[in-house]
Amino acid sequence: MILILLSAVLILVVGGCVCVVWAARGGPRWTRVVARGTLLAGELTRSSGRGGNGRGGDADD
């Protein structure tokens with residue numbers, strides 16, 4: 001069951017990346033919508049892993 005779930009997530013991630021590239025090259029409107037959602041999800045994922053300090057991983061002060 002977990003293999004099916006991970007496979008589905010991988011397919012969604014790869015599909016989102018393909019839409020980002022396609023939208024950058026002037027794809028149809030739906031690719032721009034999917035690309036925007038993919039980039040937003042990436043930003044949310046990146047910001048959730050920062051630990052709340054908001055500095056973006058600058059740990060070498």
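The ratio of the alpha-carbon radius of gyration of region 1-43 to the globular-protein estimate 2.2 N^0.38 Å is 1.25.
Here the Karplus curve 6.51 cos²θ - 1.76 cosθ + 1.60, taken at θ = phi - 60°, turns the phi angles of region 18-29 into couplings of 4, 5, 5, 5, 5, 5, 5, 8, x, x, x, 4 Hz, with x standing for Gly and Pro. A simple rule links phi to the HN-Hα coupling: the Karplus curve 6.51 cos²θ - 1.76 cosθ + 1.60 with θ = phi - 60°, which for region 30-36 gives 5, 5, 5, 5, 5, 5, 5 Hz, with x for Gly and Pro.
Readers should treat all values here as calculations from the given coordinates under stated rules, not as data from a laboratory. Just so you know, these numbers come straight off a predicted model, no measurement behind them.
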